[in-house]
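Let me begin by presenting the structure, written as structure tokens, before commenting on it.
Only the coordinates and a few stated rules stand behind these numbers; no lab work does. Here the structure is a predicted model, which means the values were calculated and not measured. Positions of Cβ are backbone-derived with ideal geometry, glycine not excepted, and every protein chain shown enters the neighbour counts.
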Amino acid sequence: MHDSKSDTELCGPSELDHRNRFALTLSILDALDVMQVTRQKLLSFVIFQELRMPSSSLEPQSDAASAANPDSDVPVAGLKGKLLNHLEAAPLRASQRLPSEREMIERFATTRVTLRDALLQLEAEGRIYRENRRGWFVSPPRLRYDLLACLPFRDMVESQQRMASTEVLAAGEVAANAVIARRLGIAEGSLVYRITRVRRIDGRRVLHVCHHLRRDCFPGILDFDLAAHSLTDLYRHEYAIRVSRVSFELASTVFDAEAAAALNAAQGSPAQRITRINFDQNGRAVDCDDEHWRHDAIELTLSAAPQS
């Protein structure tokens, strides 16, 4: 009969260390098996991020490599120049559609990102415009918008040998918000007429305008054909109200969802905002308009004699 001995007594120090290391290794392997899915997901995420990372962030580029990078400024400027040459050399008419982006990518041996950057620069300059689901078009000559002339839309367009048309989108009574109330000098919440229209030049939708009219000044005005009649003419002939002073507020902006949908433009694309407040012969604010123009459609002009 012999005395029982512990594992420590039966095994030498080196053998015990080996067993402990082996047990620890098994524990780690068991844990790694549990974490296998997580490790695979993490590895996939790291690989995805590496693929998304531009080469310039991984290592310095030489000048030649930068020039060859299709997403750099140089190719965009070069492609923009080629597009300008194409617009000027080809017999393209106003509002003529450009080739599809796929065709332009093949023709100019470029990438979609570079092409889109060049097109957006030309759009910002007013040389081309785009319509949702239709593509890119050559911008027509700009309409001269003389702020001091205060001409009705149709008169202004036709005086420049262009064709004008108007479509009423909505007309009704609404409660004046704080901004409209302040402009018209009425109490917030007072009922006013709200008329929303789209206006075309040579068949192209270029202007989304929202009018707010004092209801006490123009009772029954919604009964008129607001697509065929100028509001200014209706004021004068039907209500004996003559616009004697106009206040303007001008700003560069972008199209919101409502205006973009009305003009078949991209939401967030460049727009020119013109806010008008019209005052009658008695100095009373009678209406205010918020005009949102395609920015390539108009050229604002103002002539004034300097004070001596």
Between the DSSP loop rule and a limit of at most 16 other Cβ atoms within 10 Å, which GluC sites (Glu not before Pro) in segment 88-194 are left? 125, 188
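Taking the Cα centre of segment 126-265 as the origin, how large is its charge dipole in debye, to the nearest 20, when only Lys and Arg (+1) and Asp and Glu (-1) carry charge on their Cβ atoms? The partial results should precede the final answer.
On the way: 21 positive and 16 negative charges, 113 e Å.
Magnitude of the dipole: close to 540 debye.
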Between residue 132 and residue 170, what is 0.36 nm times their sequence separation minus the Cα-Cα distance? Round to one decimal in nm. 11.5 nm
Can you tell me how much longer the chain between residue 113 and residue 234 gets when fully stretched, taken as 0.36 nm per residue apart minus their C-alpha distance, in nm with one decimal? 38.5 nm
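If you rank 254, 192, 179 by fewest surrounding Cβ atoms within 10 Å, what's the result? Before the final figure, lay out the partial values.
Numbers: 254 16, 192 23, 179 13.
Least to most surrounded, the residues fall as 179, 254, 192.
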Restricting segment 235-277 to trypsin sites (Lys or Arg not before Pro) in coil, as DSSP defines it, with at most 15 other Cβ within 10 Å: 242
Site residue 251, offset 7 angstrom along Cα→Cβ, radius 19 Å on amide nitrogen, limited to segment 278-308, gives 278, 288-296, 300
Collect residues whose amide H, placed 1.01 Å from N in the peptide plane, falls under 5 Å from the amide H of residue 128; neighbours closer than 5 in sequence don't count. 123, 139
Under the rule of at least 5 residues apart or a separate chain, name every residue whose amide H is placed under 5 Å from the amide H of residue 147. 301
Proxy exposure order for 113, 209 (fewest C-beta within 10 Å first) is 113, 209
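Fewest first, what order do 208, 229 take by the number of other Cβ atoms within 10 Å?
Values: 208 25, 229 16.
The order, fewest Cβ neighbours first, is 229, 208.
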For a label point 7 Å from the Cα of residue 125 along Cα→C-beta, name the residues of segment 264-308 whose backbone N is under 20 Å from it. 269-272, 294-300
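Counting only Cα atoms, I'd like the Rg/Rh figure for segment 143-301, Kirkwood definition for Rh. Before the final figure, lay out the partial values.
Values: Rg = 15.0 Å, Rh = 16.0 Å.
Taking Rg over the Kirkwood Rh, I get 0.94.
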Under 11 Å from a point 7 Å along the Cα-to-Cβ line of residue 303: which residues of segment 147-178 have their amide N that close? 148-149
Phi angles of segment 274-285, converted by Karplus (6.51 cos²θ - 1.76 cosθ + 1.60, θ = phi - 60°) into ³J(HN,Hα) in whole Hz with x for Gly and Pro, give 10, 9, 10, 10, 9, 10, 7, 5, 9, x, 8, 5
Through the Karplus equation 6.51 cos²θ - 1.76 cosθ + 1.60, θ set to phi - 60°, convert the phi angles of segment 218-235 into ³J(HN,Hα) values in whole Hz; use x for Gly and Pro. 9, x, x, 5, 5, 7, 7, 6, 7, 7, 9, 9, 6, 4, 4, 5, 5, 4
For segment 215-308, I need the span (max minus min coordinate) of the C-alpha atoms along each principal axis, in Å, sorted largest to smallest. 48, 40, 20
Quick one: which residues, 5 or more positions from residue 215 or on another chain, have an amide H under 5 Å from its amide H? H modelled 1.01 Å from N in the peptide plane, none for Pro or chain starts. 193
